[in-house]
Amino acid sequence: MARINRLSTHEIMEVSRDTFNKLSSQQHIDISAVGKFFDSARFDLSDEEIKDVQLALVLIASAHKLSEKLFDDAKRLLNLCDFLSSYNGNPVQRVVHYFTKALQEKIARETGRECRESRESKPLCPLDLVTKGVDPAFISCCLRVPCIRISQFAAIQAVLDSLASARKVHFVDLTIRSGIHCPVLMQALANRHEKPVEFLKITAFATPQTKQKTEEIGKCLTCLAETLNLPFLFCVAMIPDIKDLEKEMLNITDDEVVAVFSLNVLRHTTSVPDFLKSFSRFLRNLNPCVLAVVESEELGNSLVFIDHFHESLISYGSFYDCIQACIDQGDPNRAVLEVMVGHQIRCTVAAKDEERIYSRQMNIEEWRDYFSGFGMVETEVSMSSFDQATLLQKNFASEKSCLLVRNGKCLVIGWKGTPFFSVSAWKFQ
């Protein structure tokens, strides 16, 4: 009987990695002979899957050649990957396409031949992420990917749990992006019958480049507040750089209860010298009732390039499996999300070794070390957050594939066995 379910992208990458270990003693890799080095019968692979494994093997081989500084060999293998992969092919071909571009960029950087496109693919300024978050196609994708929606929803619920008795609320959003998480907060506060909210203020940070987009988001949220009959004010705090955060920018009154929301922004600041120290000082001056944090749970944390490459390949392979399951392959909106993911791949994989040391992607255990070092205490992400996230999970057809577990006091959300995001809550003692 033919096998019904094909291997996932994650599984293809793991099979390819294991197979490469058998190939590592070979001086030259001939694509036509690759099939001899893995047991396709063991996995009952289809012809397409065999081609996928072969393609991933060539990509892995090119990364190893690059790590050995054999740039000409690496480029030849990447040229083959470039020919066989595609940004609109099957998930394996898509992943290989973006990793190929990243490795080609890394070779250009390390050989002093960095092109203009490479120079312009630096990581985005955290505050400029808002311009990427308001694209209607991107918003459409986010609404259909359960891991993204659940992480945002759980973080907002953590904020609401800390505001149970607050009458005047000041919600400080470090990067409001599309603002699709704000209606959840507003509707919950508007529907609160016990100790009803007298006033909600949302302050979003913006740069001169993002001011107009941020103000447009504010207008939409103001219209929603009128519909909900919720007393509301939207403020834009202009700031040239995220390291320049100051309490005085927020116009906080003594009767306001402050909550701070950080959605996938802190990971972009690890390369900013002393940022976390200044951010901690900013928070201490604010003394918020809660700092709710959504951050990527990165597998690619190794400082050794080839280990970092393998970790990233497995992690992003899982993310593309998630995209494949949740968004039709021919959906034009999907390309927008994948281009953004491809940018992340290039920013992490193509980075020079010294850049990766100072701009590391971190997991929840490392964030715990950072926050506790600055005198912050992790608080429990409540059962109500977990229960609400579970209910939201059931709204997706792919609910059984979505990972939702506790890690100490925080929640971890991902796809099958691969974590993507952590949701944690913090405050000062």
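The values are calculated or read from the model by the stated rules, or taken from the named source; none is laboratory data. Remember, it's a predicted structure, so these values are computed and weren't measured experimentally. FYI the Cβ positions are ideal-geometry reconstructions off the backbone, even for glycines, and counts take in every protein chain you see. The area values use the complete protein model at the heavy-atom level, side chains included, leaving out ligands, DNA and RNA. Shrake-Rupley method; radii C 1.70, N 1.55, O 1.52, S 1.80 Å.
Odds and ends about this structure:
- Residue within the range 382-395 that is part of a helix (DSSP H, G or I), over 23 Å from Ala63 (Cβ atoms) and of a type in the set (D, E, K, R) present: yes
- Every listed requirement among (1) surrounded by fewer than 14 Cβ atoms within 10 Å (Cβ to Cβ); (2) under 19 Å from Ala164 (Cα atoms); (3) not β-branched (Val, Ile, Thr) is met by Pro288 save one, (1).
- Number of positions in the range 229-243 that are open to solvent by 50 Å² or more (accessible area, probe 1.4 Å) and in contact with a Pro (Cβ under 9 Å, 6 or more places away or on another chain): 3
- Whichever residue in the range 349-370 is within 16 Å of the chain's Cα centre (by Cα), at pLDDT below 85 and open to solvent by 20 Å² or more (accessible area, probe 1.4 Å) and, among such residues, is nearest to Leu143 (Cα to Cα): Gln361
- Condition met for Glu246 (closer than 23 Å to Lys211 by Cα, open to solvent by 50 Å² or more (accessible area, probe 1.4 Å) and modelled with pLDDT of 95 or more): no
- Members of the range 376-390 found to be more than 10 Å from Cys410 (Cα to Cα), open to solvent by 30 Å² or more (accessible area, probe 1.4 Å) and not hydroxyl-bearing (Ser, Thr, Tyr), listed by number: Val377, Met383, Asp387, Gln388
- Hey, Ile50 among the aliphatic types (A, V, I, L, M), modelled with pLDDT of 75 or more and surrounded by fewer than 21 Cβ atoms within 10 Å (Cβ to Cβ) or not: yes
- For the range 152-189, filtered to residues that are of a type in the set (Ser, Thr, Tyr) and free of Cβ contacts under 8 Å to residues at least 60 places away in the same chain, the residue that is farthest from Cys223 (Cα to Cα) is Ser165.
- The one condition in (1) closer than 26 Å to Cys410 by Cβ; (2) over 22 Å from the mean Cα position of the chain (by Cα); (3) of a type in the set (A, V, I, L, M) that Ala225 fails to fulfil: (1)
- Taking each residue of the range 7-24 that is assigned to a loop (DSSP other than H, G, I, E, B) and looking for partners that are not β-branched (Val, Ile, Thr) with beta-carbon atoms closer than 7 Å, six or more apart or interchain, yields Leu7/Phe43; Leu7/Glu49; Ser8/Asp321.
- The C-beta contact set for the range 226-248 (first residue of a type in the set (Gly, Ala, Ser), second residue in a loop (DSSP other than H, G, I, E, B), distance under 9 angstrom, 6+ apart or interchain) comprises Ala237/Leu245; Ala237/Asn251.
- For the range 67-85, a residue qualifies if it is within 13 Å of Phe305 (Cβ to Cβ) and open to solvent by 90 Å² or more (accessible area, probe 1.4 Å), and the qualifying residues are Glu68, Lys69.
- Scanning the range 190-225 for residues that are among the hydrophobic types (A, V, I, L, M, F, W, C) and free of Cβ contacts under 8 Å to residues at least 12 places away in the same chain turns up just one, Cys223.
- So Gln393, is it touching a residue at least 60 places away in the same chain (Cβ under 8 Å) and open to solvent by 10 Å² or more (accessible area, probe 1.4 Å): yes
- Only one of the numbered conditions (1) at pLDDT 90 or above; (2) in contact with a Lys or Arg (Cβ under 6 Å, 6 or more places away or on another chain) is not met by Leu55, and that is (2).
Conditions (1) of a type in the set (D, E, K, R); (2) touching a Lys or Arg at 6+ places or on another chain (Cβ under 9 Å); (3) open to solvent by 10 Å² or more (accessible area, probe 1.4 Å); (4) closer than 20 Å to Gln152 by Cα, marked per residue:
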| position | (1), (2), (3), (4) |
| --- | --- |
| Phe171 | no, yes, no, yes |
| Cys182 | no, no, no, yes |
| Ala190 | no, no, yes, yes |
| Pro196 | no, yes, yes, no |
| Thr207 | no, no, no, no |
| Thr210 | no, no, no, no |
| Glu216 | yes, no, yes, no |
| Cys220 | no, no, yes, yes |
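- Of the candidates Ala108, Ala102, Ala154, the single residue that is in a helix (DSSP H, G or I), at pLDDT 85 or above and surrounded by fewer than 19 Cβ atoms within 10 Å (Cβ to Cβ) is Ala108.
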